[in-house]
Amino acid sequence: MDAGLSGDYPSIMHFVNGLERSPTFFVIRAMSLSGQQSGAVNLRLRVSTWMRPADAAAIPVEDKPATKTPTGQGSATAGDAGSGEGR
């Protein structure tokens with residue numbers, strides 16, 4: 001995840017602290033903070049996480065792309081079924 005956030009300094013640091021203490025394991029890859037001494041600050045954050053295979057399998061998948069056969073042809077779907085004549 002690569003995100004840009006803005007807000008007051010205590011709120012931004014509270015967010016980062018919560019991320020570090022989260023039960024989900026996150027690795028902060030990069031973080032930069034810019035802004036004013038008083039007022040809003042900007043945080044640029046790059047974070048990675050991993051999922052266990054069982055958790056990843058439980059995520060519903062929308063619009064699966066057609067799989068490729070070894071020859072590079074797309075696989076047939078129910079709408080493509082036919083005798084193959086005229087192709």
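Extension gain, residue 49 to residue 6, is 13.3 nm, computed as 0.36 nm per intervening residue step minus the present C-alpha separation. A simple rule links phi to the HN-Hα coupling: the Karplus curve 6.51 cos²θ - 1.76 cosθ + 1.60 with θ = phi - 60°, which for region 24-30 gives 7, 6, 10, 10, 7, 7, 7 Hz, with x for Gly and Pro.
Sorting 44, 52 by solvent-accessible area of protein heavy atoms yields 52, 44, largest first, with a 1.4 Å probe.
Could you tally the net charge around residue 23, taking each other residue with its Cβ under 15 Å from the Cβ of residue 23, Lys/Arg +1 and Asp/Glu -1? Computed value for this residue: 0. The 3J(HN,Hα) values that the Karplus relation (6.51, -1.76, 1.60; θ = phi - 60°) gives for region 49-61 are, in residue order, 8, 10, 10, 6, x, 5, 5, 5, 5, 7, 7, x, 10 Hz. Gly and Pro appear as x.
Near residue 45, once Lys and Arg are set to +1 and Asp and Glu to -1 for all other residues with Cβ below 9 Å from its Cβ, the sum equals +2.
The values are calculated or read from the model by the stated rules, or taken from the named source; none is laboratory data. Worth saying up front: this structure is predicted, and the values here are computed from it rather than measured. When we count neighbours, we look across all protein chains shown, and the Cβ atoms used for this are built from the backbone with ideal geometry, even at glycine. The area values use the complete protein model at the heavy-atom level, side chains included, leaving out ligands, DNA and RNA. Shrake-Rupley method; radii C 1.70, N 1.55, O 1.52, S 1.80 Å.
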